[in-house]
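Have a look at the structure below, then the notes.
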Amino acid sequence: MAGRHSRTRIFSSPAGIVATAAVGVALAVGGTFGAVQLTSGSAQSGETTLDLTPTTAASSLTPSSPAVSPSASASPSASASPSATRSQQAASRSKARTASPKPSPTAKKTTAAAKVLDSGSCGASFYSDGQLTANGESFNPNALTAAHKTLPFNTKVRVTNPANGKSVVVRINDRGPFIDGRCLDLSRAAFATIASVDVGALTVRYEVLG
């Protein structure tokens, strides 16, 4: 405010005093401080003097500066997250994967083809009686065996009937036959494999196997 204004009102009745007090309260609530001075007049007049001189301090007219808000504390700097360490297993993911070898199928065992040491053609017959063979075995007409004049015992010979293409492999365990033109004497079972036993004898092709 540029200046002060002083006004003095004189109330001569109690009602005026109450009204003056109410005005003072209103001024105090409105933010303006007033000093109400009640002075007693002269004894002769019996009047009461009310001093309404505003005593608002200049400092009270200026808006109080807002309390300085506490400076916002700097937000805690985000601590650097620990660098992720990759395990060797994770690191290997970036490497090219090598395909696991597929199990190779087990090769089936195949019997190697027997090597032919000698071959030729001759007459063959069969026999079904005998006690012992030349190598000391008991003769068995149902076994696939044969007699030859010179081949070592246990030599394998493939005998083929050229008329029908049937063949049988026999093991030499005896000596014979002792008839001209024949080189093999087969057991009954071996002969029956390539021809009918009713024939008795036939020309065969033989292969000595190593």
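The values are calculated or read from the model by the stated rules, or taken from the named source; none is laboratory data. Being a predicted model, the structure only gives us computed values, none of them experimental. Counting neighbours? That spans all protein chains shown, and the Cβs are built from the backbone with ideal geometry, glycine included. Calculation scope for accessible area: heavy atoms of the full protein, side chains included, ligands and nucleic acids excluded. Shrake-Rupley method; radii C 1.70, N 1.55, O 1.52, S 1.80 Å.
Phi angles across segment 124-139 convert, under the Karplus curve 6.51 cos²θ - 1.76 cosθ + 1.60 with θ = phi - 60°, into 3J(HN,Hα) values of 10, 9, 9, 9, 10, 10, x, 9, 10, 8, 5, 8, x, 7, 6, 5 Hz, Gly and Pro given as x.
Within the set of other residues whose C-beta is less than 13 Å from the C-beta of Ser196, count the net charge using Lys and Arg as +1 and Asp and Glu as -1. Result for the neighbourhood of Ser196: +1. Between Leu117 and Ala163, how high is the FRET efficiency from 1/(1 + (r/R0)^6) when r is the Cβ-Cβ distance and R₀ = 30 Å? Nearest 0.05. Computed FRET efficiency for Leu117 and Ala163 comes out at 0.75.
Fully extending the segment from Leu209 to Arg188 would add 5.4 nm, taking 0.36 nm per residue of separation and subtracting the current Cα-Cα distance. Remark: segment 194-206, residue by residue, has Karplus-estimated 3J(HN,Hα) of 10, 6, 6, 5, 5, 5, x, 7, 7, 8, 10, 10, 10 Hz, where x stands for each Gly or Pro and the curve is 6.51 cos²θ - 1.76 cosθ + 1.60 at θ = phi - 60°.
Taking a ≥ b ≥ c as the square roots of the eigenvalues of the Cα gyration tensor of segment 141-210, is the shape rounded (a/c under 1.5), prolate (a/b larger than b/c) or oblate? It comes out rounded by the Cα gyration axes. The heavy atoms of Lys115 offer some 140 square angstrom of accessible surface to a 1.4 angstrom probe. Add +1 for every Lys or Arg and -1 for every Asp or Glu among the other residues with Cβ under 15 Å from the Cβ of Ser167, and state the total. Overall, the nearby charge balance is +4.
Over all other residues within a Cβ to Cβ distance under 12 Å of Gln131, the charged ones net out to -3, with Lys and Arg as +1 and Asp and Glu as -1. The chymotrypsin sites (Phe, Trp or Tyr not before Pro) of segment 135-191 that meet both conditions, a loop assignment by DSSP and at most 12 other Cβ atoms within 10 Å of the site Cβ, are Phe178. Taking a ≥ b ≥ c as the square roots of the Cα gyration tensor eigenvalues, with a/c under 1.5 meaning rounded and otherwise prolate when a/b beats b/c, else oblate, which class fits segment 108-169? Prolate, because a/c is 1.5 or more and a/b exceeds b/c.
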